[in-house]
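Peer 1: Dropping a structure here in structure tokens format, bear with me for questions.
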Amino acid sequence: MFDYCIVGAGFAGSVLAERLARGGGKRVLVVEKRPHIGGNAYDHYDDAGILVHRYGPHIFHTNSRDVFQYLSRFTEWRPYEHSVLASVDGQRVPIPINLDTLNRLYSRNMTTDEAEAFLDRVAEPHEHPRTSEDVVVARVGRELYEKFFRSYTRKQWGLDPSQLDASVTARVPVRTNRDARYFTDTYQAMPKYGYTRMFEKMLDHENIHLLLQTDYRDIEGLIPYKSMIYTGPVDEYFDYAYGKLPYRSLSFKHETHDQEWFQEAPVVNYPNEHLYTRATEFKYLTGQKHPKTSIVYEYPTDEGDPYYPIPRPENAELYRKYKALADVESRTWFVGRLATYKYYNMDQVVAQALTTYQKILGVASDGSHSTTAPLAG
Ligand code: FAD
Ligand code: UDP
């Protein structure tokens, strides 16, 4: 008899499997329908021998010391600060918009103060920015919004920015200094030997049993367990009782080129032309040296695996109904980006899983709250 059946071997499932087995001494069965662990963070060596991310670029960044220290048990790191160029008006300029972006786009030589004054002039202030359009237009005005955000967002989400929560485009800051980093988090690094190696270390424990290429529904009733941790789409778990929760998907086009480098930045965003949103060249991320280079284009689509919960009021409303069902499902914990319908980065999922582990310990000790720290053991 297993103590836990964990559905999904991504960050949510793997962190909980690791904690419950190594920290809690539990017997854990991990059931993953794909032929590999790691969820969407899975990486592997392609036919040319280049380390690539199968499901698009995954760059690790966090402000949480706890999350970084926890993952450091399973990997060494390669320091890496991400940067992105956007293809706009025939030029490649830094995104997030910064001083250099403005100067190059408008052929100017502004200082930071002048750039602030420029943005103040073009911005259309909004008292309560509610949508992804409001929040950008309020900061940089309509012209820059259209150049950098409108088409990219319509492509990525199949919706106009005015139909999406402010939190979506608010992920991308605007700066008037020359900082060209995509993220400013305290910890920015890539797992030195890749994500999959890190997951292998997490799951390498005698109390963890892994079943790949298995949908949990196919083993229901066949393998006994006491409780479940579910990290798949929450609407699917409840057989779409209230209808489908919208998730956005992507189709990935991987290519290897017979040249050492393909583009001048790790990622190039395409806010206007082309059906794809961005192109990623993996060797920048991984630091691998190789005479060839591998890249991936991302084409957004409604069909296919669910990758992105879509943050907008009507979806939050529908999710609340599923959450009400999940809250009374006594034997199942719902964790991760798909099961809690949250546009979470990897570090946020790790933090959520560690918090869930803490809650599980509390519940397991029969009402008396456990004092065990989530990282102990
Ligand atoms: P997942 O990784 O989706 O894992 C869930 C697993 O459950 C999957 O492997 C799935 O196959 C399995 N599963 C589902 N249903 C069943 C079933 N019925 N039976 C068995 N198994 C099942 N985050 C960052 O921090 N930085 C980035 O740069 C970044 N880039 C991203 C780029 C893209 C294109 C995408 C899509 C995401 C990106 N993310 C990034 C987010 C990151 O992928 C997620 O935060 C993280 O992987 C979520 O982990 P998870 O365990 O919740 O879900
Ligand atoms: N975005 C945009 N133009 C860009 C970069 C981002 O319009 O050049 C918007 C778009 O809506 C995107 C969101 O900001 O989905 C968040 O961007 P991020 O790079 O964080 O997306 P992710 O890496 O999660 O796909």
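Peer 1: Could you tell me which of the pairs K33/K253; K289/K342; K26/K321 are separated by over 25 angstrom between their Cα atoms in the structure shown?
Peer 2: K289/K342; K26/K321
Peer 1: OK, next. Report the full-extension gain for the segment S167 to H36: residue separation times 0.36 nm, less the Cα-Cα distance, to one decimal in nm.
Peer 2: Answer, rounded to one decimal: 44.0 nm.
Peer 1: Another question, if that's okay. For the range 260-273, just list the computed ³J(HN,Hα) in residue order, Karplus coefficients 6.51, -1.76 and 1.60, θ = phi - 60°, integers in Hz, with x standing in for Gly and Pro.
Peer 2: So the Karplus estimates, Gly and Pro as x, are 6, 10, 10, 9, 8, 8, x, 9, 10, 8, 10, x, 10, 5 Hz.
Peer 1: Need one number: nm distance between label points at E206 and V122, each 7 Å from Cα along Cα→Cβ, rounded to one decimal.
Peer 2: In this crude spin-label approximation the distance works out to 6.4 nm.
Peer 1: Could you calculate the contour length gain from K226 to T186, that is, 0.36 nm times the residue separation minus the distance between their Cα atoms, to one decimal place in nm?
Peer 2: 10.5 nm
Peer 1: For every other residue with a beta carbon closer than 9 angstrom to the beta carbon of H61, add +1 if it is Lys or Arg and -1 if Asp or Glu, then tell me the sum.
Peer 2: Computed value for this residue: -3.
Peer 1: Could you tell me the calculated FRET efficiency between H290 and E143, based on Cβ-Cβ distance and R0 = 45 angstrom, to the nearest 0.05?
Peer 2: Computed FRET efficiency for H290 and E143: 0.65.
Peer 1: State which helices in the chain qualify, where a helix is a whole DSSP H run, it must extend 24 Å or more along its own axis by its Cα atoms, and its mean Kyte-Doolittle hydropathy must be at least 0.0.
Peer 2: 346-364
Peer 1: Per-residue ellipticity at 222 nm for the chain, helices alone: DSSP H runs ≥ 4 residues times -39500 (n - 2.57), over residue total, nearest 500 deg cm²/dmol?
Peer 2: So the helix-based figure for the chain works out to -8500 deg cm²/dmol.
Peer 1: Put +1 on the Cβ of each Lys and Arg and -1 on the Cβ of each Asp and Glu in the chain; which of G243, S83, S151 then has its Cα farthest toward the positive end of the dipole?
Peer 2: Of the listed residues, the answer is S83.
Peer 1: In the range 60-126, what GluC sites (Glu not before Pro) fall in a loop by DSSP, with at most 11 other Cβ atoms inside 10 Å?
Peer 2: E76
Peer 1: Between the range 92-148 and the range 227-277, how far is it from one alpha carbon centroid to the other, in angstrom?
Peer 2: 28 Å
Peer 1: Ok, one more. Give the residues of the range 20-58 whose amide nitrogen is closer than 12 Å to a point set 7 Å from the Cα of K253 in the direction of its Cβ.
Peer 2: none
Peer 1: Which shape class applies to the range 195-323: rounded if a/c is under 1.5, otherwise prolate when a/b exceeds b/c and oblate if not, where a ≥ b ≥ c are the square roots of the Cα gyration tensor eigenvalues?
Peer 2: oblate
Peer 1: Still on this structure, please answer the following. Of all trypsin sites (Lys or Arg not before Pro) in the range 202-301, which ones are in loop regions per DSSP and have a Cβ with at most 10 other Cβ atoms within 10 Å?
Peer 2: K289
Peer 1: Then there's this: If you place +1 on the Cβ of every Lys and Arg, -1 on the Cβ of every Asp and Glu, and leave all else neutral, what size is the dipole of the chain about its Cα centre, to the nearest 20 Debye?
Peer 2: Dipole about the Cα centre, nearest 20: 560 debye.
Peer 1: Expressed in nm to one decimal, what extension gain is obtained for the pair Y193 and F238 from 0.36 nm per residue of sequence separation less their Cα-Cα distance?
Peer 2: 12.4 nm
Peer 1: Using θ = phi - 60° and the Karplus form 6.51 cos²θ - 1.76 cosθ + 1.60, what ³J(HN,Hα) does each residue of the range 86-101 get, whole Hz, x for Gly and Pro?
Peer 2: Values per residue, Gly and Pro as x: 10, 8, 9, 6, x, 10, 10, 10, x, 10, x, 3, 9, 4, 5, 4 Hz.
Peer 1: For each of L102, L211, count neighbouring Cβ atoms within 10 Å of the residue's Cβ, then give the residues from fewest to most.
Peer 2: L211, L102
Peer 1: Need one word for the range 283-363: rounded, prolate or oblate. Basis is the Cα gyration tensor (sqrt eigenvalues a ≥ b ≥ c); a/c below 1.5 gives rounded, then a/b vs b/c decides.
Peer 2: oblate
Peer 1: Kindly provide the GluC sites (Glu not before Pro) of the range 226-326 that DSSP labels as loop, not H, G, I, E or B, and whose Cβ sees at most 16 other Cβ atoms within 10 Å.
Peer 2: Here the sparse-neighbourhood loop sites are E260, E264, E273, E303.
Each value in this text was obtained by applying a stated rule to the coordinates, not by laboratory testing. Keep in mind it's a predicted model, so treat the numbers as computed, not measured. No Cβ is skipped: glycine too gets one built from the backbone with ideal geometry, and neighbour counts run over all protein chains shown.
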